[in-house]
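Following: one structure in structure tokens, then a few remarks.
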Amino acid sequence: MGRRAAGPYSEGRAISMRGRGGGPDVRVVWSRSLTLPPSHFQTHIESNGATVRLRLSGELDLACQPHLDAILREVEQESEHVILDLGGLSFIDSTGLRTILVAWHRTREEGVKLTVVPGAEPVWRTLRMTGLDRVLPIAEDA
């Protein structure tokens, strides 16, 4: 199971709700260290045992980086497997790519598996153009 480290990300709270009809649990994560996301970016967290799916939607750019980084660090501490679902993104810039790449390196060091679901063609194209589709663990759908 993931480790809980002391620090700014461990001061928050997680609210869990049971999924309907045997569906996945849905968690709302709040932390004092989290900034509010820009209106053009949304996150949704689903927990199913030791696996957490973090669904991103909207546009992932420089303004979203602090929020995404804080959420990734939070779910990494509580998970064995993080599925980062980019399916709802219409845009990702170099800051978003770097945030994902840094999270992948961090999870590898911590023994947490990170899988990226790229989703829409603009995101796929960006991953291919940068070569990250050959570096990051990619799954069509996980």
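Things worth noting here:
- Calculated FRET efficiency, ARG134 to THR95, Cβ-Cβ distance, R0 = 25 Å: about 0.75 to the nearest 0.05.
- Amide H contacts under 5 Å for GLY87: LEU56, restricted to partners 5 or more places along the chain or on a different chain, H placed in the peptide plane at 1.01 Å from N.
- Cα principal axis extents for the stretch 24-134, largest first, Å: 33, 30, 24
- Label-to-label distance, GLN42 versus TRP124, with points set 7 angstrom from Cα along the beta-carbon direction: 2.3 nm.
- Overall dimensions of the stretch 72-142 as given by Cα atoms, namely Rg and Dmax in Å: 11.5, 32
- Close amide H pairs (under 5 Å, H built 1.01 Å from N) link PHE41 with GLU59, residues at least 5 positions away or on another chain.
- 5 angstrom amide H check on ASN48, placed H, neighbours 5+ away: ARG53
- Positive-end residue of SER47, GLY96, LEU68, charge dipole of the stretch 24-134 with Cβ unit charges: GLY96
The numbers here are math on the coordinates, done by the rules we state, and not lab data. Here the structure is a predicted model, which is why all the values come from computation and not from measurement. A quick note on method: Cβ atoms are made from the backbone with ideal geometry, for glycine too, and the neighbour counts reach across all protein chains shown.
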